[in-house]
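In what follows, a single structure is set out as structure tokens and then discussed.
Every number in this text was worked out from the coordinates using simple rules, so none of it is lab data. What you are looking at is a predicted structure, and each value in this text was computed from that prediction instead of being measured. Cβ coordinates were reconstructed from backbone atoms using ideal geometry, including for glycine residues, and neighbour counts include every protein chain displayed.
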Amino acid sequence: MSSPNQPPQPDQHRPDEQLVGDAPRKRRRLVKPKKNQFDINDYLPYIFGLVVLIGAAYWYFTQGVPNPRGEKMITAELTLQNQCGLVEDAYIITLEPSGPTAKFSNGHATIEASTYSYVVVKADPAYKSSFSIETPRQKVEPKMLIPVICDEGRARSVLRTFNQQFDKNK
């Protein structure tokens, strides 16, 4: 038998050795990492992905995706040429196809629109029950004069119903 300080004899084998052919071969032991041990290298792909995602979101919300149609936003100043005899507050501007609206104030309205939008003058929903009107659509321009023309028969009937509904003597 050998002493504890001496190396083992060739015919003796330790339990962690295995015979392969004639030569002894050591088995590799798997070293398991401790569960409480933090290694930053395990999280680098997630950190990188999160940084890329935040950068893409920041770019999208600040710069936006380039518009393939080349449309630009403009501020359109619209002037109403009212030939119906109704107050200008009875009309609104509607953009098509997007749908935003603006009210006239003293015959003028300002609205943000794309260069591919169209303008339509309609009756204000507050007055919708008393009359209805819709002008042909026109392409948006920075300064526009929009005529609202009513035919005589229709203008008289619109004015009559309008005056009947909002008559102060009732």
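Observations
- Seen from E112, the other residues with C-beta closer than 14 Å to its C-beta sum to a net charge of -2, counting Lys and Arg as +1 and Asp and Glu as -1.
- Kirkwood hydrodynamic radius over Cα pairs of segment 39-151, then Stokes diffusion coefficient at 4 °C and 1.567 mPa s, in µm²/s: 76 µm²/s
- For segment 50-59, Karplus couplings with θ = phi - 60° (6.51, -1.76, 1.60), whole Hz, Gly/Pro x: 5, 5, 5, 5, 5, x, 5, 5, 4, 4
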